[in-house]
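**Student:** My structure is below; once you've seen it, I'll send some questions.
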Amino acid sequence: MSNAGNSAGGPLGGASGPQSPMPPKALSPASTPASADAKALADKSAGKPASETDKTDKAGKPSAGADKSQVTSEAPAPKKKSKWDIVLFESLKIQDRINFSRHLSIVIKAGLPVYEGLKIIRKQTTSKSLLRIIDDLITDVNNGKFLADSLAKHRRVFGDFFVSIIRVGESSGTLSKNLIYLAEEMEKARDLKGKIKAALIYPIILLVVTLSIVSFLVIFVFPKLISVFASLSIELPATTRIMIFV
């Protein structure tokens with residue numbers, strides 16, 4: 001009875017002898033790393049394209065056989081601005097320079113940095129040439145350059161006098177006053193240039209009218225009078241003979 005009870009109630013009363021261990025679970029050939037490498041090698045030798053799952057591992061990292069062009073994409077290099085585009089095709093009206101000087105003086109006098117002042121002026125500017133110059137100034141000032149050093153690259157637009165006054169203002173701390181001074185000087189130069197043009201308009205008009213009348217007489221009137229003078233038997237004055245000869 002005891003033997004039968006022990007054999008029948010083995011799970012309750014404990015095992016009478018050592019139990020046999022569970023057999024290990026067999027791994028499928030496709031789940032082992034060696035089999036995966038062998039499969040990839042076989043596909044490569046057979047000329048078959050690698051599957052998408054073979055190109056990336058379980059962590060999502062690209063495999064060694066993946067194409068490098070699919071992993072990294074090179075951005076196109078930014079087009080550099082030619083030096084001749086800045087020098088030859090850069091021009092700025094005197095009124096734009098006056099407005100630039102006055103507006104920059106106002107923002108600096110208000111206590112804003114030069115960098116912030118240039119950004120504010122850029123938003124209010126409509127001239128394309130001035131926009132290109134301000135963008136260049138903003139980049140240089142943001143990189144730690146002085147305003148005068150950045151303006152020196154546009155010396156053909158602003159002039160040596162403008163750059164020198166800006167440099168003195170930055171060194172002495174009177175940049176706002178120097179900008180106002182430059183604006184006033186450019187206004188005087190603009191007014192003087194306007195007066196000179198106005199004074200030359202009247203003489204130019206008289207010269208054009210005189211040349212037009214003389215050309216009309218020489219081309220249309222004098223040829224008809226020459227035949228009349230030739231038919232006369234009188235001696236013509238020297239000035240008349242010279243005009244006919246000419």
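The values are calculated or read from the model by the stated rules, or taken from the named source; none is laboratory data. Since the model is a prediction, treat every value here as computed from it, not as a measurement. Neighbour counts are summed over all protein chains in view; Cβ atoms, including those assigned to glycine, are modelled from backbone coordinates with ideal geometry.
**Student:** Regarding residue 209, is this residue modelled with pLDDT of 95 or more, of a type in the set (Val, Ile, Thr) and out of contact with any strand residue (DSSP E or B) (no Cβ under 8 Å at 6 or more places or on another chain)?
**Tutor:** Against the criterion (modelled with pLDDT of 95 or more, of a type in the set (Val, Ile, Thr) and out of contact with any strand residue (DSSP E or B) (no Cβ under 8 Å at 6 or more places or on another chain)), residue 209 qualifies.
Yes or no, residue by residue, for (1) within 16 Å of the chain's Cα centre (by Cα); (2) outside the structural domain of residue 165 (by TED's automatic domain parsing); (3) surrounded by fewer than 14 Cβ atoms within 10 Å (Cβ to Cβ); (4) in a loop (DSSP other than H, G, I, E, B):
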site: 98; (1), (2), (3), (4): no, no, no, no
site: 103; (1), (2), (3), (4): no, no, no, no
site: 112; (1), (2), (3), (4): no, no, no, yes
site: 120; (1), (2), (3), (4): no, no, no, no
site: 135; (1), (2), (3), (4): yes, no, yes, no
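**Student:** Hey, another quick one. Give the residues of the stretch 100-138 that are closer than 17 Å to residue 179 by Cα and among the acidic types (Asp, Glu), sorted by residue number.
**Tutor:** 116
**Student:** Let me ask something else about it. Being in contact (Cβ under 8 Å) with a residue 24 or more places away in the chain and not charged (D, E, K, R) is the filter; apply it to the stretch 184-217 and report the residue that is nearest to residue 101 (Cα to Cα).
**Tutor:** Restricting to residues being in contact (Cβ under 8 Å) with a residue 24 or more places away in the chain and not charged (D, E, K, R), the top hit is 186.
Every residue, every condition in (1) without any contact (Cβ under 8 Å) to a residue 60 or more places away in the chain; (2) touching a Leu at 6+ places or on another chain (Cβ under 9 Å), yes or no:
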site	(1), (2)
96	yes, yes
101	no, yes
104	no, yes
110	yes, no
120	yes, yes
130	yes, yes
140	yes, yes
148	yes, no
152	yes, no
